[in-house]
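Notes to accompany the following structure.
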Amino acid sequence: MDENLEMVIGLEIHAELQTEEKLFCSCSTKFGAKENSQICPICLGYPGALPKVNEDAIDLAIKAGSILNCIINNYSDFDRKSYFYRDLPKGFQITQMKNPICENGYLELDNGTVYINRIHIEEDAAKTIINSNENKVDFNRAGVPLIEIVTEPCIYSKELAKEFVENLILMFKYADICNGKLEEGSFRVDLNISLKEKNSKILGTRAEIKNLSSIKSLLKAIDAEVERQSQVLFLGESVIQETRGFNEKTGKTYSLRNKENALGYRYIKDYNLNPIILEEIYINKIKKEIPIMPKEKKNFYIEKYNINSKYADILINNKAVSIFFDDCLEKYANPKLISNVIINYLLKYVNNNIEKLEINIDDFINLIKLVENENIKKSDLSDILFYMYNEKISLDDIFKNNNYFISSNEDEIRQIVLSVLNENLNAKNQYSSGNNKIFGFFMGECNKKTNKKLNSKILKNILEEELKDNKGETII
Ligand SMILES: [Zn+2]
């Protein structure tokens with residue numbers, strides 16, 4: 001890119017709200033059901049069917065607005081956005097154009113601040129399925145509640161775009177607003193991007209890129225589009241305002257439709273639906289239901305439990321993991337050791353997308369106590385947790401079938417030490433004449449001598465004692 005130019009990004013994010021029922025009817029919103037099994041005259045757009053707003057969707061929109069520091073409007077209402085396509089049986093989509101529920105927010109992040117223009121509620125369209133064998137429409141998704149979060153064009157780096165999307169997903173998961181699954185389409189990111197001259201306040205013509213299905217694609221699409229627009233400008237041509245797609249295979253964006261076709265939505269007010277009137281007292285009640293957000297939780301972990309920032313990040317970045325960590329601490333207050341075992345041993349088996357960390361918490365706490373008292377070796381934790389988490393075997397059964405306990409019997413350990421020292425007189429002499437490095441060799445030999453696991457602290461003490469007693473003596 002020309003060094004006098006800079007990119008400006010805005011994001012439009014559609015998040016499916018986690019309500020049980022659709023936005024205007026009582027059909028289920030459950031993902032993955034049999035095609036066209038969750039439908040009724042309202043979400044199929046039959047003439048005369050009367051929609052009624054799902055209040056749960058309003059509450060979730062209030063929460064989203066509140067998290068993003070928006071003004072929650074006391075009055076908002078619905079409009080019809082006309083477009084004719086088979087995934088929208090009414091011939092229009094019910095959305096909020098003129099009076100959205102939330103406006104003027106912001107989110108402060110490490111890489112900068114993202115300003116929110118608006119959040120509005122709207123219904124999802126049906127899903128069109130086209131592949132080599134079939135071409136059909138599944139109306140289960142028609143009428144599922146969405147919020148659209150529209151940022152200002154205020155994002156000047158890929159890092160900030162990424163941080164914003166990641167944080168939004170995590171915060172929405174924490175507040176049970178949206179499950180944030182990009183791969184299932186319940187969280188969809190559209191991007192608008194333009195190039196402008198540095199120091200100029202005038203934005204260039206923007207292109208929109210639709211339906212980015214992962215954060216990786218978002219970042220690649222930004223690169224590809226910046227490259228394309230710089231080329232256009234370099235050749236002295238103008239960027240056209242249009243909607244584009246992103247091809248994962250070629251890594252390039254391509255034109256979908258231009259500005260002319262995008263016009264003509266012919267918004268009109270939907271008088272079938274009452275406006276949403278929210279009193280402050282109600283808004284405040286809903287705001288109080290919002291749980292602690294990841295950033296605050298991270299600070300809490302650092303301040304209250306003295307956990308380092310890197311570990312705190314790992315714990316909060318997965319809601320299920322942080323809930324599990326909290327649950328453990330309620331049963332046993334050793335945050336340092338518990339966080340250490342979760343992060344370094346348990347998490348390697350845990351899929352990032354889990355909704356709940358399925359492990360017997362009492363067994364886990366008992367395991368933590370065994371580690372704390374040095375009854376087992378940390379190096380065996382990976383195996384034990386594999387059986388506990390992946391195989392769902394109880395701690396008792398794991399110990400019945402394996403030899404993980406450490407021997408702390410001093411007499412027994414002393415016998416082993418003495419016999420090792422007697423068998424390695426040369427080494428012992430070397431140690432006596434000042435070669436301290438050989439200490440590790442003795443430790444190793446002692447451990448090899450028995451199929452039991454020796455308590456290393458006790459072993460070390462006894463070995464030191466015995467070597468000291470003999471120091472200076474020459475053994476012939
Ligand atoms: Zn329905």
Looking only at the stretch 171-187, count how many residues are open to solvent by 20 Å² or more (accessible area, probe 1.4 Å) and either at pLDDT 90 or above or among the aliphatic types (A, V, I, L, M) (or both).
-> 4
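Condition check ((1) open to solvent by 30 Å² or more (accessible area, probe 1.4 Å); (2) modelled with pLDDT of 90 or more) across all residues:
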| residue | (1), (2) |
| --- | --- |
| 417 | no, yes |
| 420 | no, yes |
| 425 | yes, no |
| 428 | no, no |
| 435 | yes, no |
| 438 | no, no |
| 443 | yes, no |
| 448 | yes, no |
| 451 | yes, no |
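Pick from 406, 384, 354: which is touching a Leu at 6+ places or on another chain (Cβ under 7 Å), among the β-branched types (Val, Ile, Thr) and modelled with pLDDT under 85?
On the way: 384 fails: modelled with pLDDT under 85; 354 fails: touching a Leu at 6+ places or on another chain (Cβ under 7 Å).
Selected residue: 406, the only one of 406, 384, 354 that is touching a Leu at 6+ places or on another chain (Cβ under 7 Å), among the β-branched types (Val, Ile, Thr) and modelled with pLDDT under 85.
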List the number of the failed condition for residue 127; all other conditions in (1) crowded, with 18+ Cβ neighbours inside 10 Å; (2) within 16 Å of the ligand (Cβ to nearest atom); (3) more than 28 Å from residue 99 (Cβ to Cβ) hold.
-> (1)
Evaluate the following for residue 75: is it among the aromatic types (Phe, Trp, Tyr), over 29 Å from residue 173 (Cβ atoms), more than 16 Å from the ligand (Cβ to nearest atom) and loosely packed, with under 15 Cβ neighbours inside 10 Å?
-> yes
Any residue at all in the stretch 245-267 that is touching a Gly at 6+ places or on another chain (Cβ under 9 Å), farther than 28 Å from residue 173 by Cα and small (Gly, Ala, Ser)?
-> yes
Would you check if residue 399 is open to solvent by less than 50 Å² (accessible area, probe 1.4 Å) and closer than 30 Å to residue 360 by Cα?
-> yes
Just for the stretch 236-253: of the residues that are over 27 Å from the mean Cα position of the chain (by Cα) and open to solvent by 70 Å² or more (accessible area, probe 1.4 Å), which one is farthest from residue 183 (Cα to Cα)?
-> 237
When you go through (1) among the charged types (D, E, K, R); (2) buried (at least 16 other Cβ atoms within 10 Å of the Cβ); (3) without any contact (Cβ under 8 Å) to a residue 60 or more places away in the chain; (4) under 19 Å from residue 163 (Cβ atoms) one by one for residue 210, which number turns out not to apply?
-> (4)
Selection from the stretch 269-293 of residues within 30 Å of the chain's Cα centre (by Cα), in contact (Cβ under 8 Å) with a residue 40 or more places away in the chain and over 16 Å from residue 100 (Cα atoms) yields 286, 287, 289, 290, 291, 292, 293
What strands (runs of 3 or more DSSP E), lying completely within the stretch 196-288, carry at least 1 residues that are farther than 26 Å from residue 124 by Cβ?
-> 252-258
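Residue by residue, here is whether (1) under 25 Å from the mean Cα position of the chain (by Cα); (2) open to solvent by 20 Å² or more (accessible area, probe 1.4 Å) holds:
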{"site": "88", "(1), (2)": "no, no"}
{"site": "105", "(1), (2)": "yes, no"}
{"site": "150", "(1), (2)": "yes, yes"}
{"site": "155", "(1), (2)": "yes, no"}
Can you find even one residue in the stretch 75-82 that is touching a residue at least 12 places away in the same chain (Cβ under 8 Å) and touching a Cys at 6+ places or on another chain (Cβ under 8 Å)?
-> no
Are any residues in the stretch 265-294 in contact with a helix residue (DSSP H, G or I) (Cβ under 8 Å, 6 or more places away or on another chain) and open to solvent by 70 Å² or more (accessible area, probe 1.4 Å), and if so, which ones?
-> 287, 289, 292
Taking the stretch 379-396, which residues are free of Cβ contacts under 8 Å to residues at least 40 places away in the same chain, surrounded by 13 or more Cβ atoms within 10 Å (Cβ to Cβ) and part of a helix (DSSP H, G or I)?
-> 382, 383, 384, 386, 387, 388, 395
Count of the stretch 81-131 residues which are on the phi > 0 side of the Ramachandran plot and small (Gly, Ala, Ser) = 2
Complete set of residues in the stretch 42-58 that are away from the ligand (no atom under 13 Å from the Cβ) and open to solvent by less than 40 Å² (accessible area, probe 1.4 Å) = 53, 57, 58
Breaking point among (1) at pLDDT below 90; (2) open to solvent by less than 20 Å² (accessible area, probe 1.4 Å), for residue 191 = (1)
Scanning the stretch 23-41 for residues that are of a type in the set (A, V, I, L, M, F, W, C) and farther than 21 Å from residue 136 by Cβ, which turns out nearest to the ligand (Cβ to nearest atom)?
-> 25
Going through (1) open to solvent by 60 Å² or more (accessible area, probe 1.4 Å); (2) more than 18 Å from residue 53 (Cβ to Cβ); (3) in a loop (DSSP other than H, G, I, E, B) one by one, residue 115 fails only at (3)
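The values are calculated or read from the model by the stated rules, or taken from the named source; none is laboratory data. Bear in mind that the values here come from a model prediction, so they are computed numbers and not experimental data. A quick note on method: Cβ atoms are made from the backbone with ideal geometry, for glycine too, and the neighbour counts reach across all protein chains shown. Side chains included, ligands, DNA and RNA excluded: accessible areas come from the protein's heavy atoms. Shrake-Rupley method; radii C 1.70, N 1.55, O 1.52, S 1.80 Å.
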